[in-house]
């Protein structure tokens, strides 16, 4: 089932998610540079984890997993 939302709204939502991801990781990377190499490694691991999580959510949404509002939780 495809969403009835306009493409512009969907694009805006995706842009906000990507902007928040980039902003959060950029802030964490800036703070990690002040702490040292171990913190930078943690930021890289967090980036991989967040991007992986978002990729999983995109794949599930593309298959319609979140479109079923009859079962709980959707």
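At-a-glance table
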item: Long-range neighbours under 7 Å by Cβ, at least six apart or interchain, first residue in a helix (DSSP H, G or I) within region 38-57, second modelled with pLDDT under 95 and exposed (fewer than 13 other Cβ atoms within 10 Å of the Cβ); result: 40/33
item: In region 45-57, the residues that are touching a helix residue (DSSP H, G or I) at 6+ places or on another chain (Cβ under 9 Å) and exposed (fewer than 13 other Cβ atoms within 10 Å of the Cβ); result: 51
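The values are calculated or read from the model by the stated rules, or taken from the named source; none is laboratory data. None of these values were measured; they are calculated from a predicted model. We place every Cβ from the backbone using ideal geometry, glycine too, and count neighbours over all the protein chains shown.
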